[in-house]
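The values are calculated or read from the model by the stated rules, or taken from the named source; none is laboratory data. This one's a predicted model, so the numbers in the text were calculated from it and none came from an experiment. Cβ coordinates were reconstructed from backbone atoms using ideal geometry, including for glycine residues, and neighbour counts include every protein chain displayed. The protein model used for the area step is the full one, side chains on, heavy atoms only, and it has no ligands, DNA or RNA in it. Shrake-Rupley method; radii C 1.70, N 1.55, O 1.52, S 1.80 Å.
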Amino acid sequence: MHRFVPATLLLFLHLEHPVSRVFPEDSVGLVQPELAHFKEPLALACGRQLDEYELVYETYGTLNDSRSNAILICHALSGHHHAAGYHSESDRKPGWWEACIGPGKPIDTNRFFVVSLNNLGGCNGSTGPASLNPATGRLYGADFPMVTVQDWVHSQARLADRLGIEQWAAVVGGSLGGMQAMQWSIEYPERLRHCVAIAAAPRLSAQNIAFNEVARQAIISDPDFHDGHFLAHNNIPKRGLKLARMVGHITYLSDDAMGQKFGRERKSEQLNFDLSSVEFQVESYLRYQGEEFSTRFDANTYLLMTKALDYFDPAAAHGGDLAKTFAAASASFYLISFTTDWRFSPERSQEVVNALIAADKQVSYVDIDAPHGHDAFLIPHPRYLQAFSSYMNRIEI
């Protein structure tokens, strides 16, 4: 028999005996960001340097005595340091890669010590355009220097030094994060044992560069952009950011995924013939995504990140020969692609695989049949998690 308890009494009992939130067993639970301040100058590929800078990061799991179980997580364009767990008991949304990081998950925090950071130029705690320039006492804004994937890897190596990690068990990333993982294998071949690149590419196609340019122009042409110094005007180019995110979001999903999720469903059966109205569910979804993104992401960071994507082409220094690019690499490689990813198609991962084979490197590759498009690397598709776990479980620590 169930006993009825008045709501007022339930509230009283809750106040008298507060109960801590119980997180899922496969979550790392509550996590706390940490900040590393670097005073030694960092020379950048653009010819400028940062005299000092900060990197915000999170760690999950425990570093073993031999410091051999560390994993570096590199984030994609709009990602950040908060990859897993929760920042508070009231936090309803976990980190962006909660599906893959935690006890018993592909990146198993019972085995690995995981480090996830926000890259330089970001807007989630690391030094970037929205930070104060110590030389002027003003916000960097558009004066923040251009950063590249190579620059990020150099700054990440300094963070590893700070943490006492001489060699990563693996450097792992999806999309732009996968590009960073590959750059690690080229720049610091002795400092990682495994390179895991998911839904990545050795360089952007002309079509990808074109999408990025449309997004940048949407931001730059916004009257509230103020040549990149919008924060000094107490403003943000919200319309431009919304459009940029809407364009980008279309490319992250497959046609099938959009069709299954929205089809041609309308919010109302009645056509209103208003050109500015939101009638289709997919329109409503894109506008919501754009609105939400415009309130949390810095426009200058978006410009920097997309340019870093465009510039990534490590084979350019070797006459376009990708096999020569990986000649000095000593890591074992694991590449994952997704059948419906048309932004970074399976053919781009296979291009890297073929180059690694030609360079006589150890490489494993799987193409996952998943309907989600480029965003599939963020989604807990069973076959993907199984393939990811299978490789990570073989890494010796």
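Values computed for the structure shown
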{"read-out": "Enumeration of residues in segment 159-186 that are open to solvent by 10 Å² or more (accessible area, probe 1.4 Å) and either of a type outside the set (S, T, N, Q) or in contact with a strand residue (DSSP E or B) (Cβ under 6 Å, 6 or more places away or on another chain) (or both)", "value": "Asp161, Arg162, Leu163, Gly164, Glu166, Ile186"}
{"read-out": "The listed residue being over 18 Å from the mean Cα position of the chain (by Cα) and among the β-branched types (Val, Ile, Thr), out of Val214, Val171", "value": "Val214"}
{"read-out": "Residue satisfying all of: in segment 177-213; among the hydroxyl-bearing types (Ser, Thr, Tyr) and part of a loop (DSSP other than H, G, I, E, B); nearest to Thr325 (Cα to Cα) among these", "value": "Tyr188"}
{"read-out": "Residue match in segment 271-288 (condition: out of contact with any Pro (no Cβ under 9 Å at 6 or more places or on another chain), in a strand (DSSP E or B) and open to solvent by less than 70 Å² (accessible area, probe 1.4 Å))", "value": "yes"}
{"read-out": "Of residues in segment 145-158 being open to solvent by 10 Å² or more (accessible area, probe 1.4 Å) and closer than 12 Å to Cys46 by Cβ, the one farthest from the chain's Cα centre (by Cα)", "value": "Met146"}
{"read-out": "The listed residue being under 25 Å from Asp143 (Cα atoms), under 22 Å from the mean Cα position of the chain (by Cα) and open to solvent by less than 20 Å² (accessible area, probe 1.4 Å), out of Ala84, Ala36", "value": "Ala36"}
{"read-out": "Close pairs (6 angstrom Cβ cut-off, 6 or more residues apart or separate chains): among the aromatic types (Phe, Trp, Tyr) in segment 360-378, open to solvent by less than 40 Å² (accessible area, probe 1.4 Å) anywhere", "value": "Tyr365/Leu335; Tyr365/Val353; Phe377/Gly174; Phe377/Ile198; Phe377/Ala199"}
{"read-out": "Pairs with Cβ under 8 Å, 6+ apart, first in segment 27-54 and on the phi > 0 side of the Ramachandran plot, second in a strand (DSSP E or B) and of a type outside the set (A, V, I, L, M, F, W, C)", "value": "Gly29/Tyr86"}
{"read-out": "Near pairs, Cβ below 7 angstrom, 6+ apart or cross-chain, from segment 83-105 (within 20 Å of Ser389 (Cα to Cα) and charged (D, E, K, R)) to any residue that is at pLDDT 95 or above and open to solvent by less than 20 Å² (accessible area, probe 1.4 Å)", "value": "Glu98/Ser27; Glu98/Ala84"}
{"read-out": "Residue in segment 214-241 that is most open to solvent (accessible area, probe 1.4 Å), counting only those that are among the small types (Gly, Ala, Ser) and in a helix (DSSP H, G or I)", "value": "Ala232"}
{"read-out": "Residue among Leu304, Leu356 that is open to solvent by less than 50 Å² (accessible area, probe 1.4 Å), in a helix (DSSP H, G or I) and out of contact with any helix residue (DSSP H, G or I) (no Cβ under 9 Å at 6 or more places or on another chain)", "value": "Leu304"}
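Let's see how each residue does on (1) among the small types (Gly, Ala, Ser); (2) crowded, with 19+ Cβ neighbours inside 10 Å:
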{"position": "Thr339", "(1), (2)": "no, no"}
{"position": "Arg348", "(1), (2)": "no, yes"}
{"position": "Ala376", "(1), (2)": "yes, yes"}
{"position": "Gln386", "(1), (2)": "no, no"}
